[in-house]
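Report on the structure given below.
The values are calculated or read from the model by the stated rules, or taken from the named source; none is laboratory data. Given the structure is predicted, the values throughout are model-derived calculations rather than measurements. Here the Cβ is made from the backbone with ideal geometry for all residues, glycine too, and neighbour counts use every protein chain on show. Note: accessible area is taken over every heavy atom of the protein model, side chains too, but ligands, DNA and RNA are not part of it. Shrake-Rupley method; radii C 1.70, N 1.55, O 1.52, S 1.80 Å.
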Amino acid sequence: MDWSAQSAVDFSFTDVTGKEHNLFQELDRGNTVVLDFFFVDCKPCQKLTPGMVNMYNEYVSQSKKIIVFGISDRDGNSKLSVFEDDFNVSYSSCGVDGGGDSITDLYKGRFNFQGWPTYAVICPNREVYWNLERDSSFLELRDAIDS
């Protein structure tokens, strides 16, 4: 895991429901933001999405200030909507229709992508924990959130 103190880069997007989101606004509200870079046809993404949904729902049920943004660099809203339904995704996702390709390019230009899915945790102080281990327990991701 890359624990170096790198700073987040701000972005905005429109999710599949048409709602606007801005990273720095969420951080300024005291939320920790998890970025889930994925795409619909990615087999590891499909395998790990239920764990991400469970982790997110668990933190929300504990009233933790956490938000997950699912970001696809290649899928349109119709494909993402089916994916969200199939995997009971309860957090916001965006694809090419909402700016997901630009966000992915922005972060790929600044951080080392190891493949898909790629996870990052951004703390309210805008510190980024990047390239967290991709496993179904999400231990590194949880450690970054809880820190």
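For this structure, a couple of remarks:
Yes/no matrix, rows are residues, columns are (1) open to solvent by 30 Å² or more (accessible area, probe 1.4 Å); (2) in contact with a Cys (Cβ under 9 Å, 6 or more places away or on another chain); (3) among the polar types (S, T, N, Q); (4) more than 16 Å from His21 (Cβ to Cβ):
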site	(1), (2), (3), (4)
Tyr59	no, no, no, yes
Lys65	yes, no, no, no
Tyr91	no, no, no, no
Leu106	yes, no, no, no
Pro124	yes, no, no, no
Asn131	yes, no, yes, yes
Asp135	yes, no, no, yes
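- Test: Arg110 is at positive phi, of a type in the set (D, E, K, R), touching a residue at least 60 places away in the same chain (Cβ under 8 Å) and open to solvent by 10 Å² or more (accessible area, probe 1.4 Å): no
- Flag: Val96 matches the condition of being without any contact (Cβ under 8 Å) to a residue 60 or more places away in the chain, of a type in the set (A, V, I, L, M), assigned to a loop (DSSP other than H, G, I, E, B) and under 23 Å from Glu20 (Cβ atoms).
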